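Notes to accompany the following structure.
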Amino acid sequence: MTRSRLFIAVCLMALAALEAGCADHPAGSGNGSTSAASIASQANRFGVSAKLLAAAGNLGYNPKIVNGKTVFCQKEANTGSIIAQYHCVGAASLRLALLQQRTMRHQLERAQDQ
């Protein structure tokens, strides 16, 4: 088998494996469809509000307890690197980032209305 045919065969097998994995997890069964009771129980466990926990999840942050404090971590790939690193922020920093994001969104919406 030539290299190009071998490469195509490997790619097709990888695609088939990916599709099989996706079939096991139908749309709507992931983290985005977490029930309100589940969010509330997690919020109690991490000592934050359910609203903050839901907003963090929408941004891709996962809560963790590090040295007895709740932090929110997100995988980020550095520019020029294929290796992702975790970036963690505290609850106060996350609240500030959410507030800044909301403020910028409102400013953009007002600018579009004018």
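Summary table below
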{"item": "Exclusive hit being free of Cβ contacts under 8 Å to residues at least 12 places away in the same chain and under 13 Å from Phe46 (Cβ atoms), set Gly68, Gly90, Gly80", "result": "Gly68"}
{"item": "Enumeration of residues in the range 81-97 that are of a type in the set (A, V, I, L, M, F, W, C) and assigned to a strand (DSSP E or B)", "result": "Ala84, Cys88, Val89"}
{"item": "Residue among Ala56, Ala43 that alone is surrounded by 12 or more Cβ atoms within 10 Å (Cβ to Cβ), in contact with a Lys or Arg (Cβ under 9 Å, 6 or more places away or on another chain), at negative phi and assigned to a helix (DSSP H, G or I)", "result": "Ala43"}
{"item": "Selection count, the range 93-114, where residues are hydrophobic (A, V, I, L, M, F, W, C) and either surrounded by 12 or more Cβ atoms within 10 Å (Cβ to Cβ) or within 14 Å of Phe46 (Cα to Cα) (or both)", "result": "4"}
{"item": "Any hit, the range 68-75, residues being assigned to a strand (DSSP E or B), loosely packed, with under 13 Cβ neighbours inside 10 Å and modelled with pLDDT of 80 or more", "result": "yes"}
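The values are calculated or read from the model by the stated rules, or taken from the named source; none is laboratory data. This is a predicted model, so every value here is computed, not measured. With ideal geometry, Cβ positions are generated from the backbone for all residues, glycine too; neighbour counts draw on all protein chains shown.
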